[in-house]
Every structure is written in C-alpha cells, then in structure tokens.
Amino acid sequence: MKTRFAPSPTGRLHVGNIRTALQNYLLAKKMGGSFLLRLDDTDAERSTEAYAQGIREDLAALGLVPDEEAKQSDRFDRYEAAFETLREAGRIYACYETPEELELRRKVLLGRGLPPIYERPEVENDPVEGREPHWRFRLDHDAVIEWEDGVRGPQHFEPAKISDPVIRRADGSWLYMLPSTVDDIELAVTDVMRGEDHVSNSAIQLQMFDALGADRPRLAHTALLVSESGKLSKREGSEGVGALEEHGLEPMALLSVLARIGTSQPVEPAHDLEALAAGFDLSTFGRAPARFSWDEVAHINARLLHETDYEAVAHRLPDGIGPERWALLRANIERLDDVAGWQSVFDGEIASPDMDDEDRAYLGEAADVAESLDWNGDTWGALTGALKEKTGRKGKALFLPLRLALTGQRSGPEMAALLPLIDKATATARLRG
Ligand code: GLU
C-alpha cells in the first residue's frame with residue numbers, strides 16, 4: 001500500500017496542501033503502507049529546486065517525513081514511452097488549433113445551446129502548414145467511467161461529455177494529466193487522496209490507467225478547505241509552516257485541526273502523528289467543505305500544551321523551568337513562548353503594580369506576616385488565613401492585591417502552588433513594594 005503527495009515546487013506549502021500531505025501520510029501509516037513525495041516539476045519555468053527544498057523542510061518541520069521521493073523532471077523518458085504506447089494504440093492524436101480558434105469554436109457551440117466539448121476527429125486531425133501540433137488523449141466514449149470513491153461514494157462519468165484532454169504542448173512539454181498517471185503506475189501508488197477539484201481529472205486518468213493496462217488506484221477526494229465565513233482569503237490560504245512559527249504555535253496543533261475538520265470526528269489535541277493515524281477513518285469524511293481557522297489552531301494549541309508532559313518540551317523551555325515549574329505553568333499558557341514571561345515571576349524582577357494607599361498598607365502587613373512564616377508548609381494558606389483574621393478582608397480584596405504584588409499579573413497558576421516556588425526573600429520584598 002502506498003500513498004503519495006504531489007505538490008508542484010512553485011511555492012511553499014500552504015494549509016490546503018499541508019492537509020492533503022497529512023491525509024496521505026496518515027492513510028499510509030494507518031494501513032502500514034509507505035508515503036511518497038512526488039515533486040510535480042514539469043513546469044520548468046515556475047518550478048525551482050529552492051521551493052522543492054522548502055517543501056522538504058516544511059514536511060520535516062511537521063514530521064510528515066516521506067519514505068520515498070521522486071521528481072517528474074527525472075522521468076521524462078518514461079512519459080515519452082507511455083506517449084508512444086498510447087499513440088500507437090490510437091489513443092493520442094495531434095491537434096493544430098490555436099487558442100483563439102478553440103475559443104471561437106467554444107462560443108459557436110455555446111451559441112447553439114450545445115455543451116462546449118472539443119469536436120474531435122474520427123481518427124486524426126489534418127496537419128496545418130507551418131504549425132507544430134499539440135496532443136490530446138482520446139477518451140473511450142463507450143467505456144463509462146465509474147469508481148467507488150473513498151469519500152464521495154459511487155462516481156459516474158460519461159466520457160462523451162468530457163473534452164479529450166490536451167496532454168502535451170506543441171513545444172513538447174507535458175501537462176499534468178499523463179505524467180501523473182504514469183508515475184502512479186510505475187511508482188506503484190495504490191491510494192490517491194486529494195482535493196475534490198481533481199475529481200474530473202480522476203475520471204480522465206482512470207481511462208489512462210486502463211489504456212496503459214495498469215491497475216487502477218483507489219481514489220478518495222476530500223471536500224475543499226474554506227474559512228469560517230466562506231472562501232479562504234488569499235492570505236489565509238497561502239499561510240503554512242511560516243505562520244505557525246510566526247504565531248508560536250505547535251505543529252501538532254495545526255495537524256490536529258487539519259486531520260479532523262471535514263470529518264464527523266471532533267477536533268481534539270493529538271500529541272503525535274501515531275495518535276492521529278490511529279483515529280484516521282475515511283468513512284467519517286463528509287461532503288461539506290472543511291472549515292479552517294487559525295483561531296481554532298490557537299485554541300487546540302493551548303489545550304495541547306495544558307496536557308503536555310515536561311519531558312516532551314524540556315529541550316524547548318528556558319533555563320530554570322524544571323518539571324515542577326512546568327507542571328504549574330502549563331495550564332496557564334496558550335503558547336510555549338508564554339513560559340518566558342513567567343520566568344521572571346520565579347527568579348527575576350517584576351514591575352511593581354500600581355496600588356492605592358489602602359492596598360499598599362495591606363501589603364505591608366502581608367510582608368510582615370510572610371516574614372514570620374515557615375516557607376515549606378502551606379505557605380499560601382497560612383498567609384491568607386492570618387491576613388483574613390488580621391484585616392477582615394475576604395475574597396477578591398484579600399487575594400488579588402497579593403497575587404498582583406507577587407506575580408505582577410491579575411491571573412495565573414494557583415497561588416498555593418506558585419508561592420512556594422518563589423523564595424521567601426523575593427516574595428517578601430515584592431509585598432513591601
Ligand atoms: N501537482 C498536482 C497538484 O498539486 C497533483 C495533483 C495530484 O495528482 O494529486 O494539484
């Protein structure tokens with residue numbers, strides 16, 4: 001069993017194709033198969049090695065490491081061979097129309113109320129003096145195209161209603177359709193999962209598989225990604241691994257979201273790809289568009305961190321944040337970077353908050369009590385208990401000035417757990433202001 005992810009190296013990965021990569025990765029891992037990265041670089045003008053390298057790095061940053069890699073520009077001789085086979089079998093023919101002539105024909109057909117399907121010759125087009133031909137694949141009009149789609153269920157296409165696709169330009173360069181089929185055959189891809197914008201390509205490609213005498217792969221086409229409010233904006237749609245880094249979000253937060261949107265399964269934080277693979281299930285995918293938002297990624301990011309063990313993040317934490325401090329902080333951060341802000345609460349300087357005279361006086365009393373306390377017991381309970389008795393304060397009036405003075409923040413970890421981690425001299429000095 002083998003899946004593949006086939007990006008064109010004409011840019012970095014964005015959320016849409018990260019989702020496709022993830023789906024193919026998870027499907028392979030779930031089934032004990034392998035995951036192929038195929039670089040669709042037949043467009044020599046727009047494809048670059050720098051983008052190919054960028055895609056490899058993006059996949060590595062996400063942990064979606066391919067088991068194998070191929071690139072189309074290494075395989076032109078294979079496409080040539082398939083082209084010859086199909087041409088000899090009468091399945092490829094030369095065409096001489098210019099784009100303008102094709103457009104005119106389209107308009108004439110539409111004007112007559114007919115579908116704008118390419119009017120193909122019985123056998124071959126007559127050559128036109130002075131023009132190099134481009135090439136089309138002859139669909140078999142007698143062979144209805146059907147498959148059981150892994151997401152969409154039974155699919156049915158009438159080939160007579162589809163134009164014979166152009167597969168090769170007059171300059172000899174390849175369009176997407178045939179090379180992809182040849183690769184899927186020769187690189188032994190068994191499962192193709194991609195966006196539903198490829199459904200009609202699939203119909204054509206299945207006839208190519210048949211014409212080349214190859215087994216068909218299983219196909220699954222997922223509904224496209226949209227934003228909460230509709231179409232993904234250009235910016236949202238182009239963001240990828242760079243945006244994760246920019247917002248300080250964990251790759252697994254993005255992957256947790258992308259693995260489950262568009263399915264009937266809830267989006268839950270997953271700590272590793274194995275967990276996502278275990279739950280990956282084509283039968284839960286729906287036909288409605290999958291709604292994506294970075295807000296949901298940020299929300300899952302926070303939930304993910306709240307359950308993350310110290311060992312899993314130790315190497316990324318600032319010096320001085322050990323297991324005890326992490327256990328205390330993790331429930332109070334949304335991004336891992338937030339930890340740095342808490343570090344100064346333990347051992348650094350914090351800005352002394354604005355207080356009115358009454359609260360200042362109260363904190364002076366608190367400092368006196370703190371000085372007399374045994375710092376190893378229930379320090380917070382002892383401090384607040386004594387202050388309650390002494391001052392008659394309770395609730396917010398009792399707790400908030402203490403929290404503000406001790407941490408510089410209005411909210412955060414449980415003070416009972418936090419206070420013993422601030423040493424006595426520091427705590428007392430902060431209360432004195
Ligand atoms: N390079 C194509 C794309 O990015 C691949 C499509 C496919 O066969 O999966 O749309």
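The values are calculated or read from the model by the stated rules, or taken from the named source; none is laboratory data. Computed from a predicted structure; not experimentally measured. Positions of Cβ are generated from backbone atoms using ideal geometry, with glycine treated the same way; all protein chains shown enter the neighbour counts. The protein model used for the area step is the full one, side chains on, heavy atoms only, and it has no ligands, DNA or RNA in it. Shrake-Rupley method; radii C 1.70, N 1.55, O 1.52, S 1.80 Å.
Annotations for the structure displayed:
- Checklist (1) in a loop (DSSP other than H, G, I, E, B); (2) out of contact with any Pro (no Cβ under 7 Å at 6 or more places or on another chain); (3) within 12 Å of the ligand (Cβ to nearest atom) applied to Arg38, failing item: (1)
- Any chance Ala361 is among the aliphatic types (A, V, I, L, M), over 15 Å from Met415 (Cβ atoms) and either open to solvent by less than 50 Å² (accessible area, probe 1.4 Å) or in a helix (DSSP H, G or I) (or both): yes
- Condition met for Ser173 (buried (at least 17 other Cβ atoms within 10 Å of the Cβ), under 19 Å from Tyr79 (Cβ atoms) and among the small types (Gly, Ala, Ser)): no
- Flag if Ala28 is within 16 Å of the ligand (Cβ to nearest atom), aliphatic (A, V, I, L, M), in a helix (DSSP H, G or I) and within 23 Å of Ile162 (Cβ to Cβ): no
- Residue within region 314-323 that is under 25 Å from Lys388 (Cα atoms), open to solvent by less than 40 Å² (accessible area, probe 1.4 Å) and in a loop (DSSP other than H, G, I, E, B) present: no
- Beta carbons closer than 6 Å, at least 6 apart along the sequence or on distinct chains, pair a first residue in region 23-52 that is among the β-branched types (Val, Ile, Thr) with a second that is open to solvent by less than 60 Å² (accessible area, probe 1.4 Å) and within 14 Å of the ligand (Cβ to nearest atom) for Thr42/Gln72; Thr42/Trp174; Thr42/Pro179.
- Residue, most open to solvent (accessible area, probe 1.4 Å), within region 345-358, restricted to residues that are touching a residue at least 40 places away in the same chain (Cβ under 8 Å) and within 24 Å of Pro318 (Cβ to Cβ): Asp347
- Answer residue from region 7-21, given it is of a type in the set (Gly, Ala, Ser) and within 10 Å of the ligand (Cβ to nearest atom) and is farthest from Arg56 (Cα to Cα) among those: Gly16
- Residue ID - farthest from the chain's Cα centre (by Cα), chosen from residues in region 219-231 that are within 16 Å of the ligand (Cβ to nearest atom) and open to solvent by less than 40 Å² (accessible area, probe 1.4 Å): Leu219
Conditions tested, residue by residue: (1) open to solvent by 50 Å² or more (accessible area, probe 1.4 Å); (2) farther than 17 Å from Asp354 by Cβ.
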| position | (1), (2) |
| --- | --- |
| Gly385 | no, yes |
| Lys388 | yes, yes |
| Leu398 | no, yes |
| Arg403 | no, no |
| Arg410 | yes, no |
| Glu414 | yes, yes |
| Asp423 | yes, yes |
| Thr426 | no, yes |
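- Flag set for Thr85, criterion: of a type in the set (Ser, Thr, Tyr) and open to solvent by 70 Å² or more (accessible area, probe 1.4 Å).
- Exactly one residue out of Ala253, Ala278 is loosely packed, with under 15 Cβ neighbours inside 10 Å, touching a helix residue (DSSP H, G or I) at 6+ places or on another chain (Cβ under 8 Å), touching a residue at least 12 places away in the same chain (Cβ under 8 Å) and part of a helix (DSSP H, G or I), and it is Ala278.
- Of the residues contained in region 51-70, none is found to be more than 13 Å from the ligand (Cβ to nearest atom), at pLDDT below 95, open to solvent by 10 Å² or more (accessible area, probe 1.4 Å) and not in a helix (DSSP H, G or I).
- Residues that are closer than 20 Å to Gly172 by Cβ, open to solvent by 40 Å² or more (accessible area, probe 1.4 Å) and assigned to a loop (DSSP other than H, G, I, E, B) within region 90-118 comprise just one, Arg91.
- Test: residue in region 206-218 that is buried (at least 18 other Cβ atoms within 10 Å of the Cβ), under 24 Å from Gly32 (Cα atoms), of a type in the set (A, V, I, L, M) and more than 12 Å from the ligand (Cβ to nearest atom): no
- When Thr42 is tested against (1) open to solvent by 50 Å² or more (accessible area, probe 1.4 Å); (2) farther than 15 Å from Val241 by Cα, only condition (1) is not met.
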